Amino acid sequence: MTEDFTIKLNVGLALRTFLHSQVFGTPPYPTQSFANQTVIVTGSNVGLGFEAARHFYRLNCAKLILAVRTVSKGQAAKEDIVRSVKHRTDGAETTPDGAGGGH
């Protein structure tokens, strides 16, 4: 007994669903502890990378590595992160990420 099985693909609907999820969907906000985990954040001295690094530090990661192009800017970001998270004073370090030569 052979039956034809055809799949009807609605590309328009699939594309609309994908675009809607990319524009209006919110990714889950991490709230679990990152204890005993090392987190490396690139571009962590400004913008989203900086805020992500601060959030991982707040979530008690064992070690936070700020991978930055300019070490002096990374140090300033590290000091700001450590200063803003009151319950911690350890576990953050900076390192050049290699993309910009570490000026």
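Quick note: the coordinates plus some simple rules give every number you see, no bench work behind them. Small disclaimer: the values here were computed from a predicted structure and weren't measured. FYI the Cβ positions are ideal-geometry reconstructions off the backbone, even for glycines, and counts take in every protein chain you see.
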Next item on the list: Identify all residues within the stretch 40-98 that are under 16 Å from the mean Cα position of the chain (by Cα), part of a loop (DSSP other than H, G, I, E, B), surrounded by 15 or more Cβ atoms within 10 Å (Cβ to Cβ) and not charged (D, E, K, R); write none if there are none.
Entry: Gly43, Ser44, Asn45, Leu59, Asn60, Cys61
Next item on the list: Search the stretch 71-93 for residues that are under 13 Å from Arg58 (Cβ atoms) and pair each with any residue that is assigned to a loop (DSSP other than H, G, I, E, B) and among the hydroxyl-bearing types (Ser, Thr, Tyr) when their beta-carbon atoms are under 7 Å apart and the residues are at least 6 apart or on different chains.
Entry: Val82/Thr89
Next item on the list: State which residue pairs qualify: first residue touching a residue at least 12 places away in the same chain (Cβ under 8 Å) and inside the stretch 30-51, second residue surrounded by fewer than 17 Cβ atoms within 10 Å (Cβ to Cβ) and in a strand (DSSP E or B) in any location, beta carbons under 7 Å apart, and separation of 6 or more residues or different chains.
Entry: Thr38/Lys63
Notebook entry, point to check: Would you pick out the residues in the stretch 63-93 that are within 17 Å of Ser33 (Cβ to Cβ) and of a type in the set (A, V, I, L, M, F, W, C)?
Noted result: Leu64, Val85, Ala92
Note to self: If Asp97 meets every condition in (1) without any contact (Cβ under 8 Å) to a residue 40 or more places away in the chain; (2) out of contact with any Phe, Trp or Tyr (no Cβ under 8 Å at 6 or more places or on another chain) apart from one, which number is that one?
What the structure shows: (1)
